[in-house]
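Here the structure comes first, spelled out in structure tokens, and everything after it is commentary.
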Amino acid sequence: MKPLLEKLLAAGPVVTDGAWGTQLQAQGLGVGEFPDLWNLTNPAKVEAVARAYVEAGSQVILTNTFGANRVRLAETGRAADVPAINRAGVEISRRAARGTAHVFASLGPSGKMILTGEVTADELRAAFAEQAQALAQAGAEAIVVETMCDLEEARLAVAAAAETGLPVVACMVFDSGRDKDRTMMGNTPEQAAEVLSAAGADVLGANCGQGIAGFPLLCRRFRAATDRPLWFKPNAGLPQWVEGRATYTTTPEEFVQSVPALVQGGANFIGGCCGSNPDFIRAIIRCLRG
């Protein structure tokens, strides 16, 4: 295990941060607006989101770089700004962390499918390598490959991130099948653990896709398949659409009812995804201390 991970995990489960997208929307991000561009145009508002998680007690915060790869940025005409957007994203979170939290950089999917020919494996490999190197050079302490639905795309991203030498977290979305224990492409936690470990992931897990009630099962499945640390960031339930925006109704108190089961199942990093906020982080901390 890499030294940073050993240090973090020495005292027990690590509390990460919560959602970024819905929190940026609360700061004024418009529907259809590309969040990552705010690193250059509205850095103070991005920093406010990161700082709120630090003040809530997050030991690890992410960066506003989820979609800052060349393939996704091409849709906005800003593909040439990959280095600048990723650098700014890391710098913003590092300022917010103030030395009291660790900064793990977010690296999300391309939004294109290899299976349908929208993008090739070589194009994805190059795009993820470019982003990962930019994040590493900016001072990220680890890279979190997250919200992946396609195991092959995740494998390519993890391999690119691992080339930086930084710790790599690899997270899939499990939202399909009778028990919501498969990815959109039909892969199981066991398959994900095998493929992503071989690609170079130091930490495995899941985020997004469903509320926390389904995550203890995923946690147990992953723990039975691997001895690597596990990372989980569930949604605050499933969204309801109100006036064109996703609204989440799960409360922090309801959310943390499943946290003990995650810990018992072997979770090492716990946070929230879509719909969660700093209040969820405070509730997780209270639950773990209790």
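The values are calculated or read from the model by the stated rules, or taken from the named source; none is laboratory data. Just so we're clear, the structure is a prediction, and the values are computed from it rather than from any experiment. Here the Cβ is made from the backbone with ideal geometry for all residues, glycine too, and neighbour counts use every protein chain on show. Surface areas here come from the heavy atoms of the whole protein model, side chains and all, with no ligands, DNA or RNA. Shrake-Rupley method; radii C 1.70, N 1.55, O 1.52, S 1.80 Å.
Return the residue satisfying two criteria in turn: it lies in region 43-82 and is touching a helix residue (DSSP H, G or I) at 6+ places or on another chain (Cβ under 7 Å), at negative phi and among the small types (Gly, Ala, Ser), and of such residues it is surrounded by the fewest Cβ atoms within 10 Å (Cβ to Cβ). The extreme case among them is Ala79.
Just name the residue that is least open to solvent (accessible area, probe 1.4 Å) out of those in region 5-36 that are within 19 Å of Gly67 (Cβ to Cβ) and over 18 Å from the mean Cα position of the chain (by Cα). Among them, the one singled out is Leu29. The criterion of at least 2 residues that are touching a residue at least 12 places away in the same chain (Cβ under 8 Å), over 20 Å from Gly165 (Cβ atoms) and out of contact with any Asp or Glu (no Cβ under 9 Å at 6 or more places or on another chain) is met, among helices (runs of 4 or more DSSP H) falling completely within region 39-109, by 43-56, 82-97. Here Ala127, Ala192, Ala154 are screened, and the one residue that is under 14 Å from the mean Cα position of the chain (by Cα), more than 22 Å from Val49 (Cβ to Cβ), among the hydrophobic types (A, V, I, L, M, F, W, C) and buried (at least 23 other Cβ atoms within 10 Å of the Cβ) is Ala154.
With the condition kept exactly as written, say whether any residue in region 79-100 is more than 26 Å from Val15 (Cα to Cα) and within 15 Å of the chain's Cα centre (by Cα). No, every residue in region 79-100 fails to be more than 26 Å from Val15 (Cα to Cα) and within 15 Å of the chain's Cα centre (by Cα). Of all the criteria given as (1) within 23 Å of Asp122 (Cα to Cα); (2) open to solvent by 20 Å² or more (accessible area, probe 1.4 Å), the one not satisfied by Arg223 is (1). Residues of region 83-103 that are touching a helix residue (DSSP H, G or I) at 6+ places or on another chain (Cβ under 9 Å) and over 20 Å from Asn42 (Cα atoms): Thr100, Ala101, His102.
Among the residues of region 232-266, write down those that are of a type in the set (Lys, Arg) and open to solvent by less than 70 Å² (accessible area, probe 1.4 Å).
Lys233
The single condition from (1) polar (S, T, N, Q); (2) under 29 Å from Thr183 (Cα atoms); (3) crowded, with 22+ Cβ neighbours inside 10 Å that Ser93 fails is (2). Quick check on my filter: what residues within region 267-289 are assigned to a loop (DSSP other than H, G, I, E, B), more than 14 Å from Thr22 (Cβ to Cβ) and open to solvent by 20 Å² or more (accessible area, probe 1.4 Å)? Residue satisfying the conditions is Asn268 alone.
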